[in-house]
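K.L.:
To start, I am sharing the structure in question, which I have written as structure tokens.
The values are calculated or read from the model by the stated rules, or taken from the named source; none is laboratory data. Just so we're clear, the structure is a prediction, and the values are computed from it rather than from any experiment. Every residue, glycine as well, gets a Cβ built from its backbone with ideal geometry; the counts of neighbours run over all protein chains shown. All accessible areas refer to the heavy atoms of the entire protein, side chains included, with ligands and DNA or RNA removed. Shrake-Rupley method; radii C 1.70, N 1.55, O 1.52, S 1.80 Å.
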Amino acid sequence: DTAPSDAYYEHVISSSGSYYLTGDITTIKGGIQITANNVTLDLCGYNLIGDAGNNRTGLDLDSQSNVEVRNGTVRSFGYDGVMQNYVSATDHRIIGIRAIDNGQTGSGIGIYVHGTNHLIKDCIASGNSGYGFYVPGGSSTIAGCKSYNNSYGFYTGSGCMVQNNTAYDNDIYGIRTGEGCTIIGNTAYANDSYGIYTGSGCTVQNNTAYANFYYGIYTGEGCTIIGNTSRANTNQGGIWVDDKSTVVGNTATDNTGYGIYCSQNCLVDQNTAVDNTNNMYSYNCTLGTNRAP
């Protein structure tokens, strides 16, 4: 109530400090815009509810650094649920936010945070017309989140940590990352394209990919792929690995296509590939002890 409205947003926070909601906000404008650095906004479990017919954003972090928003729902806005589109932005934290059914007038994103060194934790994105989570800058962390029934599940730039997330029933990728990322402990299932798709130089460890339409896990060049499970992916195969990668201790079963496909100059050891259309392929690789009849 201490943050006034303008022509575009129901409330505008223009001074640093701590703010909270005392009830739901329903609006035909945008929800809340934050134009100051060093702000904490607690939604206190309440809802920001938009008008799907208007091209407005629910929560606009129109600021450069150190903004935290937490604990509430942003839904039914015509454009993005949560948006921060400054490349120079740093150190934002999005925690416990549910972004639901946004982007009804076009390709809207559930949670969109540009810039670097952000934390997105324990959030849910569902029913958004574009990405569930779109974090195109570098060095950010997405942890403990769920993304389902969106166009894309998760997208990150380079050098990010993607840990313990779940992506399912998205129209295209479940999880897609840039180069030099660590992708660990995630689950991607029943996505209509790839389950997990990474850039080069990534570590891909202890993930599960199940019943995705294309490859369960598809990695770039020079990656380390350890301890993943890829099963029952229905078109191209279980795990596809580019050149100069290390592929150890993975399990690929009951995939249509290759269980494990390795390009050249890879180390391939202690993997299990059984009951796939083709269990394992490698070219000019070093092979250890694999179970791939």
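K.L.:
Please give the per residue accessible area of the range 150-226, computed with a probe of 1.4 Å over protein heavy atoms only, in Å².
P.N.:
Counting only protein heavy atoms, the per-residue value for the range 150-226 is 32 Å².
K.L.:
Let me know the shape class of the range 1-99, please: from the alpha-carbon gyration tensor, a ≥ b ≥ c as square roots of the eigenvalues, rounded when a/c is under 1.5, otherwise prolate if a/b is greater than b/c, or oblate.
P.N.:
Here the range 1-99 falls in the rounded category.
K.L.:
Next question, about the same structure. Heavy-atom accessible area per residue, the range 10-104, 1.4 Å probe: how many Å²?
P.N.:
Heavy-atom SASA per residue in the range 10-104 reads 38 Å².
K.L.:
Let me ask you something else. Taking a ≥ b ≥ c as the square roots of the Cα gyration tensor eigenvalues, with a/c under 1.5 meaning rounded and otherwise prolate when a/b beats b/c, else oblate, which class fits the range 141-290?
P.N.:
Since a/c reaches 1.5 but b/c is at least a/b, the shape of the range 141-290 is classed as oblate.
K.L.:
Long-range amide H contacts for Ser282: which residues qualify at under 5 Å (H placed 1.01 Å from N, peptide plane, sequence gap of 5 or more or a different chain)?
P.N.:
Cys262
K.L.:
What ranking do 71-77, 84-90, 213-219 get when scored by the average of other Cβ atoms within 10 Å per residue, highest first?
P.N.:
By packing density, highest mean first, the sequence is 213-219, 71-77, 84-90.
K.L.:
Which of Asp80, Asp101, Asp275 ends up with the largest GNM mean-square fluctuation for the chain, with Cα atoms connected below 10 Å?
P.N.:
Asp275
K.L.:
Which whole-Hz ³J(HN,Hα) couplings does the range 78-84 yield from phi under the Karplus relation 6.51 cos²θ - 1.76 cosθ + 1.60, θ = phi - 60°, glycine and proline marked x?
P.N.:
My calculation for the range 78-84 gives x, 10, 6, x, 10, 9, 9 Hz in order.
K.L.:
Roughly how many whole Å is it from the C-alpha centroid of the range 234-293 to that of the range 66-94?
P.N.:
Result: 40 Å between the Cα centres.
K.L.:
Roughly how many percent of the accessible protein surface of the chain is carbon and sulfur, given a 1.4 Å probe and a whole-percent answer?
P.N.:
42
K.L.:
Right, next: Kindly provide the Kirkwood hydrodynamic radius of the chain in Å, to one decimal, from all pairs of distinct alpha carbon atoms.
P.N.:
About 19.3 Å, per the Kirkwood formula over Cα pairs.
K.L.:
³J(HN,Hα) across the range 236-246 via Karplus (A = 6.51, B = -1.76, C = 1.60, θ = phi - 60°), whole Hz, x for Gly/Pro?
P.N.:
Calculated HN-Hα couplings, in order: 9, x, x, 9, 10, 10, 7, 4, 6, 10, 10 Hz.
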